[in-house]
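Taking it in order: structure first as structure tokens, then the write-up.
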Amino acid sequence: MNTKLIALRHQLHSQPELSNKEYKTAQIIVDFMDEYQPHEIIHLGDTGRAFVFEGTEAGKTTVFRAELDALPIEEKTRLKYASIYNGVAHACGHDGHMAILAGLAQQLSENPPRKGKVILLFQPAEEVEQGAKDVLFHPKFADLNPDYMFALHNVPGQETNTILLRRGSFSAASKGMTIRLKGKTSHAAEPEKGRNPAIAISKISRELNDLLNNKALFTDLTLLTFIYIRMGEQSFGTSAGSGEMGITLRSFENADMKVLSQKSEEIVNRIAAEENLECSIAYHEEFPATVNQDECVDMLQDLAEEHDLSYQYLDKPFKWSEDFGYFSQKYTCGFFGLGAGVDQAALHHPDYDFPDEIIETGLTIFTGLYQKINGK
């Protein structure tokens, strides 16, 4: 095992930082990269960093991405390198993803690309979907104009070091939908003098559930999960005059998400009008589906076979979302899963810890990709 990468991973694990606050994390990465002398370091916002390694000949630009941020979770592992911060933990494995990308810098330093550029992107704020979008629209990133982009995610519950592949959608699209209804309060003894949103909320809930049962509208799995419903105040003498609903929309395909959003809005607006309520709809934490191009999947399969690594194709996309989907809407992308062990704690669980033994496999695939595209 590469003890230097493991030490880096443990250091990152012990000092997790939340989305858009990854200042120390970014500096740890910059300090580690200094030894490997990238041709350029690009600052993408406050904490995003991209390290450019150039070949001697003109060629394609290949970007590899890892995530910087941790989660607002209290770690329960009791490891020697457990989080030193209360309520913050690398419970999704971004520390391991960063270690793999740092290992690629070691490889690039020893064996620079012959052609084009290889860029190691350390992206902030993946957990809240803002990071990829901010990077995508940053003028310095747009100037890079990547030909290919690749990323991975460890997957607990799958055999250690197994490469998980899928053509088309790899992980689901999702978004949070907030519905606000405004009527008018009245005395609880005279509800007819007010406009209480309770009936509207009941109708909206029923019709949105019915919407999902109309399978002819959708090409694949769609989900609509009610997160919370609030209305009025805790005052038994007052009939509520406002209400709010939080709903998560999810689909395997971006086209289905568009239909689901449109039809949901139509239902909400119609019922609000019928009940004489003002209505507003807002979206939060929007993740497009992460979509793989066949060309990239073919390269991943070839590398798994060349290195005698176990691989399997997924029948369906993962239900969780990944903000790498923003990149796959614009660039030729490949995203794969890396088995983290069948007995590994689940992602976002307080007992989760990224397994060091899969760092080498992730690095093998990333190294093979840049060598295929940019030459040895």
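Quick notes on this one:
- Taken as Cα centroids, the range 295-367 and the range 31-110 sit 16 Å apart, rounded to the nearest whole angstrom.
- Förster-model FRET efficiency, 51 Å R0, residue 178 and residue 56, C-beta, rounded to 0.05: 0.45
- Inverse mean reciprocal Cα-Cα distance (Kirkwood Rh) of the range 318-376, Å: 14.0 Å
- Relative to the current alpha-carbon distance between residue 86 and residue 351, full extension at 0.36 nm per residue lengthens the span by 94.0 nm.
- FRET efficiency for the residue 294 to residue 143 pair, using the beta carbon distance and R₀ = 30 Å, is estimated at 0.60.
- FRET efficiency, 1/(1 + (r/R0)^6) with R0 35 Å, evaluated for residue 3 and residue 306 via beta carbons: 0.85
- Surface composition of the range 1-115: carbon plus sulfur atoms hold 47% of the accessible area, using a 1.4 angstrom probe and ignoring ligands, DNA and RNA.
- Assigned charges on the beta-carbon of Lys, Arg, Asp, Glu; the chain dipole about Cα centre (debye): 820 debye
- Per-residue Karplus couplings for the range 256-272, computed as 6.51 cos²θ - 1.76 cosθ + 1.60 with θ equal to phi - 60°, are listed in order as 5, 5, 4, 5, 4, 5, 4, 5, 5, 4, 4, 5, 4, 5, 5, 5, 4 Hz, Gly and Pro entered as x.
- Distance-filtered residues of the range 60-88 - backbone nitrogen under 20 Å, label point 7 angstrom along residue 23 Cα→Cβ: 68-72, 84-88
- Calculated [θ] (222 nm, deg cm²/dmol) that DSSP helices of n ≥ 4 give over the chain, each run adding -39,500 (n - 2.57): -10000 deg cm²/dmol
- Tensor-based shape of the range 229-275 (alpha-carbon gyration tensor, a/c under 1.5 rounded, otherwise prolate or oblate): oblate
- Karplus 3J(HN,Hα) series, Hz, for the range 9-21 with 6.51 cos²θ - 1.76 cosθ + 1.60 (x for Gly, Pro): 4, 5, 5, 5, 5, 6, 10, x, 9, 6, 3, 6, 10
- Inter-label distance, residue 34 to residue 320: 3.4 nm, where each label sits 7 Å from its Cα along the C-beta direction.
- Convex hull volume per residue for the range 207-320, taking Cα atoms only, in Å³: 146 Å³
- What you get for the range 256-376, charging only the Cβ of Lys and Arg (+1) and of Asp and Glu (-1), is a dipole of about 420 debye around the Cα centre.
- The label-point distance for residue 159 and residue 274, in a model that sets each label 7 Å from Cα toward Cβ, rounds to 5.3 nm.
- Take the range 179-313 with all the other protein chains still there, run a 1.4 Å probe, and you get 55 Å² of accessible area per residue.
- If you wrap the tightest convex hull around every Cα atom of the chain and split its volume per residue, you get 151 Å³.
- Between residue 311 and 163, the built amide H atoms are under 5 Å apart, and every one of these is 5 or more places off in sequence or on another chain.
- In the chain, the DSSP beta bridges split such that about 70 percent are antiparallel, to the nearest 5.
- Contour excess over end-to-end distance, with Cα ends at residue 76 and residue 235 and 0.36 nm allotted per residue: 53.2 nm
- Whichever lysines have a C-alpha closer than 24 Å to that of residue 133, once near sequence neighbours (fewer than 8 apart) are set aside: 21, 24, 60, 117, 175, 258, 319, 330
The values are calculated or read from the model by the stated rules, or taken from the named source; none is laboratory data. This structure is a prediction, so every number in the text was calculated from the model and none was measured. With ideal geometry, Cβ positions are generated from the backbone for all residues, glycine too; neighbour counts draw on all protein chains shown. Note: accessible area is taken over every heavy atom of the protein model, side chains too, but ligands, DNA and RNA are not part of it. Shrake-Rupley method; radii C 1.70, N 1.55, O 1.52, S 1.80 Å.
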